[in-house]
1. Within segment B:79-94, can you find the residues that are farther than 21 Å from B:LYS187 by Cβ and surrounded by 20 or more Cβ atoms within 10 Å (Cβ to Cβ)?
2. Identify the residue in segment A:185-222 that is away from chain B (no Cβ under 14 Å) and charged (D, E, K, R) and, among all such residues, is farthest from the chain's Cα centre (by Cα).
3. Right, A:ALA111: within 14 Å of chain B (Cβ to nearest Cβ), of a type in the set (Gly, Ala, Ser) and crowded, with 24+ Cβ neighbours inside 10 Å or not?
4. Check whether at least one residue in segment A:46-57 is assigned to a loop (DSSP other than H, G, I, E, B), under 28 Å from A:LEU194 (Cβ atoms), open to solvent by less than 50 Å² (accessible area, probe 1.4 Å) and not charged (D, E, K, R), and report yes or no.
5. State whether the residues of segment B:163-170 include one that is under 18 Å from B:CYS39 (Cβ atoms) and either assigned to a strand (DSSP E or B) or in the same structural domain as B:SER55 (by the TED database) (or both).
6. Across segment A:156-196, what is the number of residues that are at positive phi and in contact (Cβ under 8 Å) with a residue 24 or more places away in the chain?
7. Of B:ARG67, B:ARG76, which residue is at the interface with chain A (Cβ under 9 Å from one of its Cβ atoms) and open to solvent by 40 Å² or more (accessible area, probe 1.4 Å)?
Amino acid sequence: MNVLDFARAFFSDGAHWHGYDGIPTRFTEHLTFSVEALLIAAAIGLPVGLLTGHYGRGGNVLALIATAGRALPSFGLLVLMFIWSGFGTLPVMIPLVVLAVPPILVTTYEAIRSVDPSPVDAARGMGMPETRVLFQVEVPVALPLVLSGLRTAAIQIVSTATIAAYVSLGGLGRYIIDGLYQKNYDKVVGGATLVAGLALATLVVFWALSRLTVSPGVRRSG
Amino acid sequence: MIRIDSVTKRYPDGTVAVDRLSLEIPDRAITVLVGPSGCGKTTTLRMINRMVEPSEGSILLDGTDIRQQPVNTLRRSMGYVIQNAGLFQHRTILDNIATVPRLLGTPKKEARARAAELMERVGLDSALAKRYPYQLSGGQQQRVGVARALAADPPVLLMDEPFSAVDPVVRKGLQDELLRIQDELGKTIVFVTHDIDEAIKLGTMVAVLRTGGRLAQFAPPADLLSAPADAFVEDFLGADRGIRRLSFFPSADLELQTAPIVGVDADADKLAARADAPYLLVTDLDGRPLGWGEPDRLTAGSVEREHLLDFGRPFVPGDDSLRTALDGAVLSPTGWAVAVDGDGRAVGVVSQQVIGEAIRAAHRRVARNTEVNAAR
């Protein structure tokens, strides 16, 4: 049997399409963790990135945080959090957020820093208040890069959320971990396919988001 | 009136960008700040809209210290144009121009209508309204920059090297356009440049600053050329300031001769009647100059154009200055300049000697005026 046969066997089994261990349930669980983790990470990373980028301070500290964040093994963190705080959403959320904050934070900072200074100078000289300078001049131009940071974070979250199953939480990782344990390779391949599919869907969502929100003037010149 | 009162800008590292500068910037005129890099001209300009705060001294706008009003209110009452235009690339041309009216709370529709008017005023095709900045040439972008600064109809316009980044041909077009707009609108313009020719062309008053931010001379451009205050200003003005000064002498009073002008169809009698002139200006049937010919080598009835001598560049009496007239005279091997009307038809010719006499007369006139002013 090859991988395709495993996948076919998994998806054609009617039992996998309903119930608490059914694909819709697991998919929704996975999506919920991922979206929550991304929102929390964005709520931390975006404001800090925007402010440090706008005022041009704290670049070194950010680089340090980013390196440290990337060096942390998410699996190790998950186990540590699990031992520390037991079952629940918290031990899963913390590693996911820790993983997602650096790309959002650093890319947002860099995106704002790299905005051409002359329109910013013109905006101030015309009497635009600082908040408007940030949100109406810098952010629209930095948006493609900011979105790319969010996209990287989202993909990482979607793939890493698989390990949530390790601490007995649901999600698509359930299939992979249970399948490995039960030596049921249909399940392993099926779960992996679903995770990969979700990651691809994430890419499509971000592509659509950037088509919708980025001005044609920025898309073409940048 | 903007009054810069003994203003100094010292940076924390001890650098002095502007040193006890005092200037009275006249209303409804173009005042140019010019000087080499590091002379503090941009810093001075940026202190007027408080992009830079002076360390000492004060700046008064119509008698009131500019620090009396909120900084953004002050800035919205002054148009601001910078090098490379600094357009917002995510906004259309129309919305770029509408920025300040929108900041002031003008409804979107009204602000856009105003922006469309301004596009026309600065010579931009209305088809560009929905375009984005990257779709425009450098010169067009700079026009948008000027339109954006004018959108809220501010009494004051601050321009920081606005035309430095475009090529010379486009720059000349933008300069002419600015002078035309200024004729119509009569703004109080403060214009920064490092190009002395631009300063002389645009300025009603020119302030020459020297490195270290001190004022070297503040005078109308003609006075700058005729009487530079010191060696620095003279050096900065560069070569041939005598010739350049002729730009300020009108050509209207030049005494033109019409006798040496003959049509290309002139008959033998006509040619014989003018045989004592060293050269004759041959014109086509419409009266447009073709070139100079020696009387004894011209054939009656038809002229071989290849035997004619170059007539240089003609000038329009009244519109052009003595500089253009003299240029035409020295360009032609005959030493005569050709005067034409607005349609390019020859209206007379004038020799270098006559132009020379006109220059001496202009000098005497200036000297007399200076004496009269001094006596007052």
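The values are calculated or read from the model by the stated rules, or taken from the named source; none is laboratory data. Note that this is a predicted model, so its numbers are computed, not measured. Cβ sites come from the backbone with ideal geometry, for glycine too, and all protein chains shown count toward neighbours. These accessible areas exclude ligands, DNA and RNA; they are computed on the full protein's heavy atoms, side chains included. Shrake-Rupley method; radii C 1.70, N 1.55, O 1.52, S 1.80 Å.
1. Answer for segment B:79-94, where residues must be farther than 21 Å from B:LYS187 by Cβ and surrounded by 20 or more Cβ atoms within 10 Å (Cβ to Cβ): B:PHE88, B:GLN89, B:HIS90, B:ARG91, B:THR92, B:ILE93, B:LEU94.
2. Filtering segment A:185-222 for residues away from chain B (no Cβ under 14 Å) gives A:185-209, A:211.
After this cut, where a residue has to be charged (D, E, K, R) as well, the list is A:186-187, A:211.
Values: A:ASP186: 27, A:LYS187: 25, A:ARG211: 19 Å.
Checking each candidate, the answer is A:ASP186.
3. Details: within 14 Å of chain B (Cβ to nearest Cβ): yes; of a type in the set (Gly, Ala, Ser): yes; crowded, with 24+ Cβ neighbours inside 10 Å: no.
No; evaluated as a whole, the condition is false for this residue.
4. So far as segment A:46-57 goes, no, none of its residues is assigned to a loop (DSSP other than H, G, I, E, B), under 28 Å from A:LEU194 (Cβ atoms), open to solvent by less than 50 Å² (accessible area, probe 1.4 Å) and not charged (D, E, K, R).
5. Applying the first criterion (under 18 Å from B:CYS39 (Cβ atoms)) to segment B:163-170 yields B:164.
Keeping just the survivors that are either assigned to a strand (DSSP E or B) or in the same structural domain as B:SER55 (by the TED database) (or both) gives B:164.
Scanning segment B:163-170, I find at least one residue that is under 18 Å from B:CYS39 (Cβ atoms) and either assigned to a strand (DSSP E or B) or in the same structural domain as B:SER55 (by the TED database) (or both), so the answer is yes.
6. Residues flagged as at positive phi and in contact (Cβ under 8 Å) with a residue 24 or more places away in the chain within segment A:156-196 amount to 2.
7. Working: B:ARG67 fails: at the interface with chain A (Cβ under 9 Å from one of its Cβ atoms).
Selected residue: B:ARG76, the only one of B:ARG67, B:ARG76 that is at the interface with chain A (Cβ under 9 Å from one of its Cβ atoms) and open to solvent by 40 Å² or more (accessible area, probe 1.4 Å).
Condition check ((1) more than 14 Å from chain A (Cβ to nearest Cβ); (2) open to solvent by less than 50 Å² (accessible area, probe 1.4 Å)) across all residues:
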{"site": "B:ALA127", "(1), (2)": "yes, no"}
{"site": "B:LEU136", "(1), (2)": "no, yes"}
{"site": "B:ALA149", "(1), (2)": "no, yes"}
{"site": "B:VAL156", "(1), (2)": "no, yes"}
{"site": "B:ARG171", "(1), (2)": "yes, no"}
{"site": "B:ILE189", "(1), (2)": "yes, yes"}
{"site": "B:THR204", "(1), (2)": "yes, no"}
